[in-house]
Amino acid sequence: MESALREEQSRTQKLLLNVLPQAIVDRLARGDGLAMENEILADRFEEATILFADIVDFTPLSVQLPPLELVQLLNRIFSTFDRLAEEFGLEKIKTIGDAYMVAGGIPVPRPDHALTVMEMAIAMRREINQLRRETGLPLALRIGINTGAVVAGVIGIKKFSYDLWGDTVNVASRMESQGIPGKIQVTEATYAYLKDHYEFERWSNLPVKGRGRMTAYLYVRRRSSPWPNPEANSASEETPAPVPPGTDSGPSELRSREPTPEIAL
């Protein structure tokens with residue numbers, strides 16, 4: 001009887017780990033929620049770094065490829081990103097169509113949240129460049145990063161998920177949607193964490209919906225490695241992907257696309 005109960009508990013935990021972070025599953029098992037009211041779990045993190053990545057010109061690509069090949073391509077890309085998130089100790093939040101969202105500093109706070117997210121961004125770009133060479137497809141990423149306070153929690157009843165909310169999330173999404181193909185764009189808040197290790201190009205007066213004009217920074221190269229051995233963290237430096245034909249190569253008020261769905265608090 002006890003053996004069957006343990007097996008059932010083990011199966012339940014494995015299922016939960018498919019949709020919730022390990023730290024959240026552990027806390028649920030102990031019965032000590034983050035903040036519980038009517039069985040809703042929520043927590044506030046004062047320092048977290050959020051990354052949004054989007055496949056450039058995915059709609060034309062989806063028309064070009066047969067459905068099976070398209071799904072196989074997305075599965076390969078997102079599976080690679082999942083592996084990188086695990087290697088860097090970051091938390092994948094979700095995929096939205098062809099967009100990928102990952103966070104550092106949640107659900108377990110860590111002082112290097114901005115550094116690890118930046119290193120994952122570099123690794124993501126490298127992997128996409130490699131896939132572009134292998135397939136011959138015009139693949140490129142647009143990546144946006146922001147740092148600040150977020151609210152995290154588990155929502156849903158039958159289909160539940162761990163998600164993030166707040167202005168920090170919205171601005172990270174805007175950094176991606178207003179970004180440049182093949183580039184990594186960060187906010188001033190993230191830049192403050194990264195400036196000693198990375199070189200950036202400063203862009204002023206970037207129009208951001210709901211925030212007016214903001215200062216943003218485009219990643220150029222490492223100044224020094226934040227890791228004893230960058231290769232061990234799958235983040236070796238590489239030349240970014242070429243900008244697809246017909247796409248602006250620099251920040252512009254005219255450069256726009258449908259943004260990743262915004263979640264306002």
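When each of I96, I128 is tested for being touching a residue at least 60 places away in the same chain (Cβ under 8 Å), surrounded by 22 or more Cβ atoms within 10 Å (Cβ to Cβ) and not hydroxyl-bearing (S, T, Y), the lone residue that passes is I128.
Per-residue answers, yes or no, for (1) assigned to a loop (DSSP other than H, G, I, E, B); (2) surrounded by 24 or more Cβ atoms within 10 Å (Cβ to Cβ):
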{"site": "Y100", "(1), (2)": "no, yes"}
{"site": "A103", "(1), (2)": "no, yes"}
{"site": "V108", "(1), (2)": "yes, no"}
{"site": "L115", "(1), (2)": "no, no"}
{"site": "P138", "(1), (2)": "yes, no"}
{"site": "I145", "(1), (2)": "no, yes"}
{"site": "V151", "(1), (2)": "no, no"}
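If you go through the stretch 192-221 and pick out every residue that is buried (at least 16 other Cβ atoms within 10 Å of the Cβ) and either hydrophobic (A, V, I, L, M, F, W, C) or not in a strand (DSSP E or B) (or both), you end up with 10.
Residues in the stretch 58-93 that are at positive phi and among the charged types (D, E, K, R): there are none.
Taking only the stretch 117-136 into account, find how many residues are more than 13 Å from the chain's Cα centre (by Cα) and in a helix (DSSP H, G or I).
So the answer is 10.
When restricted to residues that are in a helix (DSSP H, G or I), of a type outside the set (D, E, K, R), in contact (Cβ under 8 Å) with a residue 60 or more places away in the chain and out of contact with any Leu (no Cβ under 8 Å at 6 or more places or on another chain), the stretch 164-191 contains 7. Residue count for the stretch 37-64, restricted to those that are surrounded by 14 or more Cβ atoms within 10 Å (Cβ to Cβ), over 20 Å from the mean Cα position of the chain (by Cα) and farther than 19 Å from P181 by Cβ: 2.
Every read-out reported here was derived from the displayed coordinates using simple, explicitly stated rules and does not represent laboratory data. Since the model is a prediction, treat every value here as computed from it, not as a measurement. Heads up, the Cβs are rebuilt from the backbone with ideal geometry, glycines too, and the neighbour counts pull from every protein chain shown.
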